[in-house]
Number of protein chains: 2
Amino acid sequence: MKALFQYNWLIREDWYQWCEDVEEEELLLVRTGGVGGILHTLFHIIDVEWSWIRLLQGKPDFQESFEEYKSLQKVRELDAKFRVEVEEFVRNWDLSMESNLLHDSLPDGRTDIFTWGEVMRHVIAHEIHHIGQISVWAREIGKKPVSANFIRREIIPLPEQSK
Amino acid sequence: MKALFQYNWLIREDWYQWCEDVEEEELLLVRTGGVGGILHTLFHIIDVEWSWIRLLQGKPDFQESFEEYKSLQKVRELDAKFRVEVEEFVRNWDLSMESNLLHDSLPDGRTDIFTWGEVMRHVIAHEIHHIGQISVWAREIGKKPVSANFIRREIIPLPEQSK
C-alpha cells in the first residue's frame, strides 16, 4: 500500500518537472477525456487523494475549484500543503486498518459503506489512471511523457546483500 | 496486492464488453500516445502481465507480435489462455515472496535485480496507466469510457455485520 502511494508521489513530482518545460497555455488547454486538461488533472488527483484521506479521518473535505489554481505553482503549493497530512496518514497505515469502515453520506440521503482498504486502493488506482491520460496528451503536444515504470525508482530497496 | 490484480481483471473485462459495441476499425486505428491503439493496448497489457509472471517463475517469455492478434476475439482468447497461469500465481502470492529477487539479464550483458514485490506493483501500475490512455481514446470516439473506480466493485467484501 505505502509503496504505491510513494510511487504516485514520485511520478507526480516528475510530471511537475515535465510541466516546467511546457507552455502554460498547453497545460491549461481543455482536452478530450478525463477532467479535460493536464494541470486540471494534477489538481484533481491532489484534491481526490486528500479528500478521501480527510473522509477516513472524519475531517471536513476540500471544496475549492480549479478556477483558483490555474498555474503550475499554485497546484504545486496546494500539493505541498495537503501532502503533509496525507503522508502522515499513509506512514501510519497498518494492516489492522484495512477492514475499518467508512460510512459516506450521499446527497440523496443514502449511505455508502466502504472498507478503508478499498478506499486506499481506490485512491492509488485513481491517480495512476489519470496519469495515463496525461501521457496521451503529452504526445499530442509532441513531448515524451514521464515514464510510468514502478521498477528502477528504488521505491522498494533491495536487500543489502544483493547490492 | 491480490485485490489490485482482481481490480485490473474486472476493468479489463469491462473494456472487452465496451469494445463489443465499437467498430473493429476504431479498435485497430493507430492513435497518439501509448502503444498507439485500443486493441493493441489490451494486447500489450496481457503480454506484459504474463511476461513478468513468467519471468518470476523462471519460465520462458512470450514472443508473439500484435500482428497475429488484431481482433477482439483473438485478444480475449489470448487473455483467457494466459490468465490461468497468472491467476494461479497471484492466488498463491504471500508476503514472504515480497523480497524474493529476480535477476533479469539485459541484451547488453548487464543484469537488473528486482524484488518480486516491486515487479508485482510494476505490473499493477502498468495496466492502470495504459487503461487511462484507452479512456482518452474512448472519448475521442465519442463513447463513455469504463469507470476506473475501485470502489463499488465489491473487490473487498464488507464484513458480514455491516451489510
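The values are calculated or read from the model by the stated rules, or taken from the named source; none is laboratory data. Remember, it's a predicted structure, so these values are computed and weren't measured experimentally. Here Cβ is always computed from backbone atoms with ideal geometry, including for glycine, and neighbour counts include all displayed protein chains. For the accessible areas, the whole protein counts, side chains as well, though only heavy atoms, and no ligand, DNA or RNA atoms are used. Shrake-Rupley method; radii C 1.70, N 1.55, O 1.52, S 1.80 Å.
For region B:48-79, the set of residues classified as over 27 Å from B:ASN100 (Cβ atoms) and either open to solvent by 70 Å² or more (accessible area, probe 1.4 Å) or of a type in the set (S, T, N, Q) (or both) consists of B:GLU64, B:SER65, B:GLU67, B:GLU68, B:LYS70, B:SER71, B:GLN73, B:LYS74, B:GLU77, listed by residue number. For region A:1-48, give me the residue count where each residue is over 20 Å from B:GLU127 (Cβ atoms) and of a type in the set (S, T, N, Q). Count: 2. For region A:110-127, a residue qualifies if it is more than 19 Å from the chain's Cα centre (by Cα) and within 7 Å of another protein chain (Cβ to nearest Cβ), and the qualifying residues are A:ILE113, A:PHE114, A:THR115.
Here the condition is being within 8 Å of another protein chain (Cβ to nearest Cβ), within 18 Å of B:ILE45 (Cβ to Cβ) and either open to solvent by 40 Å² or more (accessible area, probe 1.4 Å) or among the small types (Gly, Ala, Ser) (or both); of A:SER147, A:SER135, it holds for A:SER135 alone. On the stretch given as region B:24-44, residues that are in contact with a helix residue (DSSP H, G or I) (Cβ under 6 Å, 6 or more places away or on another chain), within 16 Å of B:HIS129 (Cα to Cα) and either of a type in the set (Asp, Glu) or part of a helix (DSSP H, G or I) (or both) total 6. Counting only residues that are without any contact (Cβ under 8 Å) to a residue 12 or more places away in the chain, part of a helix (DSSP H, G or I) and over 19 Å from A:TRP18 (Cβ atoms), region A:55-86 holds 4 of them.
Residue check, B:HIS129 against (1) open to solvent by 10 Å² or more (accessible area, probe 1.4 Å); (2) out of contact with any helix residue (DSSP H, G or I) (no Cβ under 7 Å at 6 or more places or on another chain), all met but one. Which one? Among (1) open to solvent by 10 Å² or more (accessible area, probe 1.4 Å); (2) out of contact with any helix residue (DSSP H, G or I) (no Cβ under 7 Å at 6 or more places or on another chain), B:HIS129 violates only (2). Restrict the check to region A:33-49 and report whether at least one residue is in contact with a Ser or Thr (Cβ under 8 Å, 6 or more places away or on another chain) and at negative phi. Yes; the residues of region A:33-49 include at least one that is in contact with a Ser or Thr (Cβ under 8 Å, 6 or more places away or on another chain) and at negative phi. Annotation: A:HIS126 fulfils all but one of (1) modelled with pLDDT under 95; (2) closer than 30 Å to B:GLY36 by Cα; the unmet one is (1).
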